[in-house]
Amino acid sequence: MMEANELLEKSKQYMWLPFTQMSDYEKDPLIIKSGEGVTVTDIHGNTYLDGYSSLWLNVHGHRKKELDEAIQTQLQSIAHSTLLGAANIPSILLAEKLVKLAPKGLTRVFYSDSGATAVEIAVKMAYQYWQNKGVQKKTKFVTVSNGYHGDTVGTMSVGSIELYHKVYSSLLFDALVIPFPSVYRHPSGDENIVLDESLEVLRSLFEESHEEIAGMVLEPMIQGAGGMNTMPPGYLKGVEALCKEFDVLLIVDEVATGFGRTGKMFAVEHEAIQPDLMTVAKGLTGGYLPVAATFATEEIYHAFYGEYEEMKTFFHGHSYTGNQLGCAVALANLEIFEKEQLVQQAAEKSVVLKQLLEDVKQLPHVGDVRQCGLMCGVEIVKDPFTKESFQPESRVAYRATLKMRELGLLTRPLGDVIVLMPPLATTKEQLAEMVEILKKGIYLATEELAEMATTD
Ligand SMILES: Cc1ncc(COP(=O)(O)O)c(C=O)c1O
């Protein structure tokens, strides 16, 4: 086995990590060697609680016996064969299972291999749906500010996080962006006012331009990468009603929220909405392998169906689409959801987590604590009364996550927001441990900044 120091050097010499300034990595490198339950262990033998579910994927903890076995069993038949023009056994069984779990109207499953590809596919399907129906003018998309749907050019176009997307602006297609209904950042701080105002903005936009709008894309109930922003109750339902009224396809991105993360199997269930297209990835395989899916209604599917010469085919696909190993582990994952009543458990644990987070709100620099099920964000501010932020250079949330790492908890910041998104299998005791470290990390980082400010 290679020495830890040698691995460190090689990682610095050969790798380029995603969403990572490599000079940060060089200062504070981390190399994971193994995982067990809701912990991971690095090459030095330090063990950490997986407070971000290995980037919002992990469900049952690491090395779940049934999932390991599902892959081993599938390997005895075949690892992969293409889905282009052919099906395979686990992909068929998984599609059936997914359709049974999804909102009623979603009857077709189109596979891919990441959240971004699932959304890219949904956007292309919505676009081509109208073209196939001969409604050529409907080509635009509406999105919500701070939305995040992935890093391909198409998904960046329907996303709107300035930090990630600004540099590429001339490469992206224009989307119509409406403001996110943020209660925390609204001067009234009143859910009902925010709800009414936001839906009115959308209505005006639709009234003016619906003939040119193909679809609207949004993350349901809580935006993830945009800062764990929760939407007021009724917003999703209101968006659904407006999309129906103005003949705009509703594309719901459940990549982060799907598979129990919000205390429901899918976040759309919180408001019983029926999207036209829906995307899932991350938790679909329990955090094991890259499989994603885009759900479509029968109406959309049929707009693509016909003789080849009619040129309605959806010409899109990825090499690893419908990978057998991935689909087999996804099936095993969904079986555990049923067997262990995991969604119900996640809903119960989210109540415990809510109570634990009450303490976090008391910290001097915590502006807002947002939560939907087991998805939480803690926004750090310089002054909770004025909501003034720390200087961006101080990287307060990043500092706090480094402190947390020292204390045995892994997570990542999103700007000034710290994410806590534990695997669904996390016990109540482990949740308490995570929150304790979260509190200490925030306290230590903000104290350090305060001290630095007084010595300047
Ligand atoms: C809501 C949402 N959509 C899409 C994506 C992109 O998924 P992936 O990183 O698998 O491409 C993410 C990733 O965080 C996400 O949170």
Check: Does any residue of the range 84-100 turn out to be among the hydroxyl-bearing types (Ser, Thr, Tyr) and in contact with a Gly (Cβ under 8 Å, 6 or more places away or on another chain)?
Finding: yes
Item checked: Filter result (in contact (Cβ under 8 Å) with a residue 40 or more places away in the chain and part of a loop (DSSP other than H, G, I, E, B)) within the range 367-383 -> Gly373, Leu374
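Every residue, every condition in (1) under 22 Å from Gln223 (Cβ atoms); (2) modelled with pLDDT of 95 or more; (3) not in a loop (DSSP other than H, G, I, E, B), yes or no:
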| residue | (1), (2), (3) |
| --- | --- |
| Ser350 | yes, yes, yes |
| Leu357 | yes, yes, yes |
| Pro364 | no, no, no |
| Phe385 | no, no, no |
| Glu393 | no, no, yes |
| Leu402 | no, yes, yes |
| Ala425 | no, yes, no |
| Lys440 | no, yes, yes |
| Glu451 | no, no, yes |
Notebook entry, point to check: So which of Leu236, Leu199 is part of a helix (DSSP H, G or I) and within 16 Å of the ligand (Cβ to nearest atom)?
Noted result: Leu236
Next item on the list: Output the qualifying pairs, or none if there are none: Cβ atoms under 9 angstrom, residues six or more apart or on different chains, first residue in the range 112-126 and closer than 19 Å to Trp56 by Cβ and assigned to a helix (DSSP H, G or I), second residue within 9 Å of the ligand (Cβ to nearest atom) and basic (Lys, Arg).
Entry: Gly115/Lys282
Notebook entry, point to check: Which of the residues that make up the range 332-372 are over 28 Å from Phe390 (Cα atoms) and either touching a Pro at 6+ places or on another chain (Cβ under 9 Å) or among the small types (Gly, Ala, Ser) (or both)?
Noted result: Ala332, Ala346, Ala347, Lys349, Ser350
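In the range 68-85, what residues are over 23 Å from His318 (Cβ atoms) and in contact (Cβ under 8 Å) with a residue 40 or more places away in the chain?
Of everything in the range 68-85, those that are over 23 Å from His318 (Cβ atoms) and in contact (Cβ under 8 Å) with a residue 40 or more places away in the chain turn out to be Glu69, Thr73.
Here is a yes/no grid of residues against (1) within 16 Å of the ligand (Cβ to nearest atom); (2) touching a Leu at 6+ places or on another chain (Cβ under 7 Å); (3) modelled with pLDDT of 95 or more:
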residue	(1), (2), (3)
Leu83	no, no, yes
Ser91	no, yes, yes
Leu94	no, yes, yes
Gly105	no, no, yes
Phe110	yes, no, yes
Lys124	yes, no, yes
Lys133	no, no, yes
Item checked: Total residues in the range 286-326, condition more than 20 Å from Ala122 (Cα to Cα) and within 22 Å of the chain's Cα centre (by Cα) -> 5
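Please determine whether any residue of the range 349-366 is more than 16 Å from the ligand (Cβ to nearest atom), touching a residue at least 60 places away in the same chain (Cβ under 8 Å), closer than 24 Å to Ala118 by Cα and within 20 Å of the chain's Cα centre (by Cα).
No, that holds for no residue.
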Item checked: In the range 7-57, residue farthest from Gly377 (Cα to Cα) [restricted to those that are touching a helix residue (DSSP H, G or I) at 6+ places or on another chain (Cβ under 7 Å) and within 16 Å of the ligand (Cβ to nearest atom)] -> Leu17
Next item on the list: Would you please name the residue that is nearest to the chain's Cα centre (by Cα), looking only at residues in the range 240-257 that are within 11 Å of Met216 (Cα to Cα) and within 16 Å of the ligand (Cβ to nearest atom)?
Entry: Asp253
Item checked: Enumeration of residues in the range 296-339 that are in contact (Cβ under 8 Å) with a residue 12 or more places away in the chain and among the aromatic types (Phe, Trp, Tyr) -> Tyr301, Phe304, Phe314, Tyr320, Phe337
Checklist line | Unmet requirement for Pro181, which otherwise passes all of (1) buried (at least 20 other Cβ atoms within 10 Å of the Cβ); (2) within 16 Å of the ligand (Cβ to nearest atom) | finding: (2)
Note to self: If I ask for residues that are touching a helix residue (DSSP H, G or I) at 6+ places or on another chain (Cβ under 7 Å) and buried (at least 22 other Cβ atoms within 10 Å of the Cβ), which ones from the range 117-137 would you list?
What the structure shows: Val119, Glu120, Val123, Met125, Tyr129
Checklist line | Residues (surrounded by fewer than 24 Cβ atoms within 10 Å (Cβ to Cβ) and hydrophobic (A, V, I, L, M, F, W, C)) located in the range 436-456 | finding: Ile437, Leu444, Leu449, Ala450, Met452, Ala453
Margin query: Name the single residue that is farthest from the ligand (Cβ to nearest atom) among those in the range 280-291 being of a type in the set (A, V, I, L, M) and farther than 14 Å from Ala102 by Cα.
Written below: Leu289
Check: In the range 144-156, is there at least one residue being within 12 Å of the ligand (Cβ to nearest atom) and at pLDDT below 95?
Finding: no
Note to self: Could you check the range 400-446 and list, in sequence order, the residues that are touching a Pro at 6+ places or on another chain (Cβ under 9 Å) and over 13 Å from Gly51 (Cα atoms)?
What the structure shows: Ala400, Gly415, Asp416, Tyr443, Thr446
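The values are calculated or read from the model by the stated rules, or taken from the named source; none is laboratory data. As the structure is a prediction and not an experimental result, all values here were calculated from the model. FYI the Cβ positions are ideal-geometry reconstructions off the backbone, even for glycines, and counts take in every protein chain you see.
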